[in-house]
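Okay, structure first, notes after.
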Amino acid sequence: MRPTENEKDIASFAGRLLRERFGKGPEAAHVVMQGPFITIYLRHFLSPMERVILEQEGEQAVFRLRESMMHKIVPEINGYVQSVTGQVYKNFYHDSDFNKESSIFVGIDENAYDGEDPFKEYAGKKKLEERVRQVTAEAEKEPDKVFSGMLNNKTVLVIREGLLINIEKELVEQGYEEQLKVTKRKLEKRLLIEGKSFTSIAGMNIADVFVDWDFERDRSVIVFIMSGSG
């Protein structure tokens, strides 16, 4: 499916904005809009300064810098999206894979998402959601809700709700949100990537996996980016 004019405009704006803020923008930005969701997938996006920090101080230091910058950038992206489409994505998620130099933004229009499954059926939907439940249970606890949908032929979005355990809620209350995210990302991505269970379910090769949380809403998003036939 070819991108719409709105998706092209938003991708172009995001690329320019990131170039202005980081000194180097992504080589490619791909936007997908479907219902109350928007994803902005960035490829080959790592600034020279981030590369130096990654080599000298490690991933967590780059994560802190990137998170700080994204908190300032997201409102600008959201404002532009609203001006183009009329939709307001109040809740944005973000994750990066610094080794692959790729990143994702996921926006949810809370006015159009009511907490129930908004996605159509697709081949492997139930199996994928069951596997996500198993992985989540292994990492923390089985989530109350799991929904998944194919936004296009290469983007699978998964929403989980009700998955934090009590000790994690307490860590968030105590101000350890950053450390909790870093630890949970490493664990969950390893569990998600291990084996070929997701590849066999989706029938495609997985190029990227992104995970982020909204601890206040006790919600998480996972995005699988597919690379082609498996």
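The values are calculated or read from the model by the stated rules, or taken from the named source; none is laboratory data. Quick caveat: nothing in here was measured; it's all calculated off a predicted structure. Cβ: placed from backbone, ideal geometry, glycine included. Neighbour counts: every protein chain shown. Surface areas here come from the heavy atoms of the whole protein model, side chains and all, with no ligands, DNA or RNA. Shrake-Rupley method; radii C 1.70, N 1.55, O 1.52, S 1.80 Å.
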**Report entry** Pick from segment 1-40, criterion charged (D, E, K, R) and part of a loop (DSSP other than H, G, I, E, B), ranking: surrounded by the fewest Cβ atoms within 10 Å (Cβ to Cβ)
**Finding:** Arg2
Query raised in the report: If Ser68 satisfies every condition in (1) over 16 Å from the mean Cα position of the chain (by Cα); (2) touching a residue at least 12 places away in the same chain (Cβ under 8 Å) but one, which is the exception?
Result: (2)
Report task. Identify all residues within segment 161-175 that are assigned to a helix (DSSP H, G or I) and of a type outside the set (A, V, I, L, M); write none if there are none. Result -> Asn166, Glu168, Lys169, Glu170, Glu173
Report summary line: Scanning segment 75-109 for residues that are free of Cβ contacts under 8 Å to residues at least 40 places away in the same chain and open to solvent by 30 Å² or more (accessible area, probe 1.4 Å) gives Pro75, Gly79, Gln82, Ser83, Gly86, Val88, Lys90, Phe92, Asn99
Report task. Any residue in segment 110-135 that's among the hydroxyl-bearing types (Ser, Thr, Tyr): show its pairings with residues that are open to solvent by less than 40 Å² (accessible area, probe 1.4 Å) at Cβ separation under 6 Å, as long as the two are six or more apart or on different chains. Result -> Tyr113/Pro36
Query raised in the report: Quick one: how many residues across segment 41-54 are part of a helix (DSSP H, G or I) and surrounded by fewer than 14 Cβ atoms within 10 Å (Cβ to Cβ)?
Result: 3
Report task. Determine whether segment 50-63 contains at least one residue that is small (Gly, Ala, Ser) and in contact (Cβ under 8 Å) with a residue 12 or more places away in the chain. Result -> no
Report task. Hey, can you tell me all the residues within segment 176-189 that are without any contact (Cβ under 8 Å) to a residue 12 or more places away in the chain and assigned to a helix (DSSP H, G or I)? Result -> Gln179, Thr183, Lys186
Requested in this report: Could you tell me whether any residue of segment 102-114 is closer than 18 Å to Lys145 by Cα and hydroxyl-bearing (Ser, Thr, Tyr)?
Outcome: yes
Requested in this report: Might you check whether a residue that is surrounded by 15 or more Cβ atoms within 10 Å (Cβ to Cβ), closer than 18 Å to Arg219 by Cα and hydroxyl-bearing (Ser, Thr, Tyr) occurs anywhere in segment 143-162?
Outcome: yes
Report summary line: In segment 134-156, anything over 23 Å from Gly35 (Cβ atoms) and either aromatic (Phe, Trp, Tyr) or assigned to a helix (DSSP H, G or I) (or both) is listed as Gln134, Val135, Thr136, Ala137, Glu138, Ala139
